[in-house]
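Since every read-out is calculated from the coordinates, none of them should be taken as a lab result. These numbers come from a predicted model, not from an experiment. Ideal geometry is used to build each Cβ from the backbone, glycine not excepted, and the neighbour counts take in all protein chains shown.
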Amino acid sequence: MPEVEIKFDCPPDAIEAVLLRVLHAPPHDRDLLSVYYDTPKEALAATGASLRLRSEASGRTVQTLKTGQGLARDEVEAEVAPGHLNLSWPQLAGLGLAAVGPDPLTPRFSVHVRRRSGVVEAGASRIEAAFDEGEIRAGDRRAAVCEVELELLEGEREDLLTLARRLAAQLPLTLSLRTKSARGADLAADRPWPRPAQVALAGEITAGEALRQALLGSLAEVAGRTQDTANDPSVEAVHQLRVALRRMRSLALVFRRRLDEAPAATVRAGLRDLAQACGEVRELDVLMAMGPAGPALDAALSEARHRAAAGLSASLAAAPARLTLLEGLILVETGDWPGLARNAEGAAEGLGSDLDRRWRRIRQEGQEADALGLEDLHALRLRIKAFRYALAAFEAPDWGRGALGFEAGLRKAQDALGLLNDVEMAEGVLSRLDLDPEGRRAARKLISGLRRRGDERRALKAVEELVSGPAPRFT
């Protein structure tokens, strides 16, 4: 049956306080050991499924199969003999388990947690709040777990969302869409943080469902990277968060006519605010990556970066950021938009028509680029970037994007226009620093170097090559 659940990450040092705020009675405590099974080539994970045996201190063992993603997932469970999988379930057969090949299902990783749980009354609904602390183990690798899960036991989904909104506004709870099974599989394979997979536009998938899947995958990455960057705003973490934010913002912008406008506008504004919060840190990182600029300027940039990173961590952990992520989930999973008539058409044709319109505007502006000022060139760059990210979210063999060098041309034009913007960015950042004469001299030298790199003629040539090349069609 479907399991309707929202999960949050919680700082370990806040879990006790959160528990006391959420539950109004002593929690039920259990120690749980869950062993997850798959083939060595992860055949089950490839279908979006997870299979586990969970053991409790009482001696009871429960086998659970979960499929799907997002707010509602299908779950089947039954008590079994300790350490023995029951492979006769029809649901397993439906996943093509018999066709996974000669590789057997074997333990891949385990999850050890102390679970404290209780039931919360919300509106006319009963919701279980579960607090899990422990770790995922895969060989000698470990990953900490500290989560709060809200599961609708009976009642209305809206009551669950209302409770989640209230808690996210008041408590340090950050939406998480990465399951323990996904985290464990990545840990077992020693994989880095994954980017969302392309959504395949094949078969009978509709435009609404394809966009829902793309948004959900993108939101999962944004939520995870928001948490990681709040904890450690390193150069790479900030960069990857900005990329994840741009990916989701691009989907919500390029395909905006397919979404419920009011909630989508709220989410776009929140994502924009998160991106802007990253902006100062990223600008300083770009300048510092250019190499030593002299002791005075290097020290000033480093000090400014330290202050900006502290501010970024605070912003990412604050209530507005937490609520933006939650509203993103609500937009993707509860809106009426996926089933509307305009989203019932085939995905390749429907989403392709949006990309065609976007490309025609880029091409028209690009053909007139030599008459544009710097502000309009910057706007053109943002349109190219949004188009490129939206295009990359999907895999559609029938789309006419195979025009030779097209995707490379998008990137080249975006980067060339970006160098023009770097000069203005650098002047703004450096003007805000309290520099001594030596530092000011180094700043002028740095800006001069950026001007040589950010050549307007080179940028206009890259745009001309892009818009005068073979015109792709997506419908």
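At 0.36 nm per residue, and after removing the present C-alpha to C-alpha distance, how many nm does the segment from Thr162 to Arg114 gain when stretched out fully?
Details: separation 48, 0.36 × 48 = 17.28 nm, distance 2.68 nm.
Between Thr162 and Arg114, full extension yields an extra 14.6 nm.
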*Using alpha-carbon coordinates, inclination of helix 456-468 to the longest axis of the chain, degrees*: 60
*Pull out the extension gain between Val76 and Arg142, defined as 0.36 nm times the separation in residues minus the alpha carbon to alpha carbon distance; nm, one decimal.*
21.0 nm
*For segment 1-49 and segment 155-183, compute the distance between their C-alpha centroids and round to whole Å.*
12
*So, in nm, how far is label Arg451 from label Arg257 when the simple model puts each one 7 Å beyond its Cα toward the Cβ?*
4.4
*asked:* Just to check I understand the Karplus step: with θ = phi - 60° and J = 6.51 cos²θ - 1.76 cosθ + 1.60, what whole-Hz values come out for segment 207-215, glycine and proline as x?
replied: 4, x, 5, 5, 5, 4, 5, 5, 5
*Using only Cα atoms, locate the centre of segment 113-138 and the centre of segment 201-252, then give the distance between them in Å, rounded to an integer.*
26
*Which label in [x] 73, 67, 41; [y] 87, 74, 45; [z] 72, 54, 47 gives the computed Cα extents along the principal axes in Å*: [z]
*If we count other beta carbons within 10 Å of each Cβ, what is the order of Asp29, Asp228, Asp38, Asp260, fewest first?*
Asp29, Asp260, Asp228, Asp38
*asked:* If you only keep lysine pairs separated by 8 or more in sequence, or across chains, how many in the chain come under 18 Å at the Cα atoms?
replied: 6
*If you stretched the chain out fully between Asp356 and Glu154, how much longer would it get, using 0.36 nm times the residue separation minus the C-alpha to C-alpha distance?*
68.2 nm
*Between Glu407 and Lys41, take the C-beta separation as r, use R0 = 25 Å, and let me know the FRET efficiency to the nearest 0.05.*
0.25
*Kirkwood Rh and Cα Rg combined as Rg/Rh, segment 366-449*: 1.15
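Ranked from highest to lowest mean number of other Cβ atoms within 10 Å per residue, what is the order of the peptides 463-475, 69-81, 343-355? Don't skip to the end; give the middle numbers.
Values: 463-475: 16.8, 69-81: 14.8, 343-355: 20.0.
My ranking of the peptides, most packed first, is 343-355, 463-475, 69-81.
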*Inter-label distance, nm, simple model (7 Å from Cα along the C-beta direction), Gln367/Arg195*: 3.2
*Could you state the angle between the C-alpha long axis of helix 180-189 and the longest principal axis of the C-alpha atoms of the chain, as a value from 0 to 90 degrees rounded to the nearest 10?*
70
_Acute angle (nearest 10 degrees) that the helix 374-392 long axis makes with the longest principal axis of the chain, alpha-carbon atoms_ = 30
*Karplus (6.51, -1.76, 1.60) ³J(HN,Hα), θ = phi - 60°, over segment 249-258, in Hz, Gly and Pro reported as x*: 4, 5, 4, 5, 8, 5, 10, 4, 5, 8
